[in-house]
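All of the numbers you see were taken from the coordinates with simple rules; none came from a lab. Note that the structure is a prediction, hence the values are computed from the model and not measured. Positions of Cβ are backbone-derived with ideal geometry, glycine not excepted, and every protein chain shown enters the neighbour counts.
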Amino acid sequence: MAFKKICVFCGSSPGANSIYQDSAKNLGLELVKNNIDLVYGGGNMGLMGIVSQAVLNSGGRSIGVIPKAIADKVDHHEISELHIVKNMHERKQKMFDLSDAFIALPGGFGTLEEILEIITWAQLGFHQKPIGLMNIEGFFNSLFDFFNKSVTQKFIKSEHVDMIKSESTPSLLLKALKTYQLPKLDKWQK
Ligand code: AMP
């Protein structure tokens, strides 16, 4: 599968360890190397700013989607395209429509909420776009522990956890996403 645009959800904070910032930069470089545009939340702060700046510095395209209320408050560097939308719902729909696949870097509630919504839409069979987590130094291991507990407790199907690719480097993750197609399963299938 060839991707034109990938959406990256990530922390509006830089994180406590420089490894997160290095990985955000490396992910930006890897996107450009593969001729893939970045779709992200607009804005300059934290890992969001780092991934976008890395894309722009190496000659790639960075597309931001930001609600007006946030755009009025935060700085954003000169990006290739900035979509200003009415609210968070419109933002997530726009990011979804623009993108061929989704990656989450480490982040907080915002990052989790965004990637979990995309995972939920996949489990409902609303899309078959690949989804991956950049599992830097096992950052997402405890989330997978929670998912696996939810499988044993029969709240989540193991096929739906298996849809979420997880790798520790951008090149491995892109490779995993390119060769992966989400099954046409949905939550309601027996
Ligand atoms: P968090 O993980 O809580 O830092 O939230 C990061 C995610 O929420 C990003 O992927 C953004 O889409 C969104 N977000 C949070 N804060 C901002 C902000 N100040 N400007 C733009 N987007 C933000």
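Structure notes:
- Subset of the range 76-127 [within 11 Å of the ligand (Cβ to nearest atom) and of a type in the set (Gly, Ala, Ser)]: Ala104, Gly107, Gly108, Gly110
- Matching residues, the range 1-44, being assigned to a loop (DSSP other than H, G, I, E, B) and under 16 Å from the mean Cα position of the chain (by Cα): Phe3, Lys4, Cys10, Gly11, Ser12, Ser13, Pro14, Ile36, Gly41, Gly42, Gly43
- Scope the range 89-116; condition assigned to a helix (DSSP H, G or I) and surrounded by fewer than 16 Cβ atoms within 10 Å (Cβ to Cβ); matching residues: His89, Glu90, Gln93, Asp97, Phe109, Leu112, Glu113, Leu116
- The residue pairs whose first member lies in the range 1-29 and is farther than 15 Å from Ser168 by Cβ and free of Cβ contacts under 8 Å to residues at least 60 places away in the same chain, whose second member is assigned to a loop (DSSP other than H, G, I, E, B) and within 14 Å of the ligand (Cβ to nearest atom), and whose beta carbons are closer than 6 Å, counting only pairs six or more residues apart or on different chains, are Gln21/Pro14.
- Residues that are among the hydroxyl-bearing types (Ser, Thr, Tyr) and over 23 Å from Pro14 (Cα atoms) do occur in the range 90-103, at least one of them.
- Pairs where the first residue, in the range 147-158, is outside any helix (DSSP H, G or I) and the second is of a type in the set (Ser, Thr, Tyr) and surrounded by 10 or more Cβ atoms within 10 Å (Cβ to Cβ), C-beta under 9 Å, 6+ apart: Ile156/Ser150
- Selection within the range 128-146 - part of a helix (DSSP H, G or I), buried (at least 16 other Cβ atoms within 10 Å of the Cβ) and either in contact (Cβ under 8 Å) with a residue 60 or more places away in the chain or within 12 Å of the ligand (Cβ to nearest atom) (or both): Ile136
- Qualifying residue in the range 151-166 (condition: under 23 Å from Gly49 (Cβ atoms) and surrounded by fewer than 19 Cβ atoms within 10 Å (Cβ to Cβ)): no
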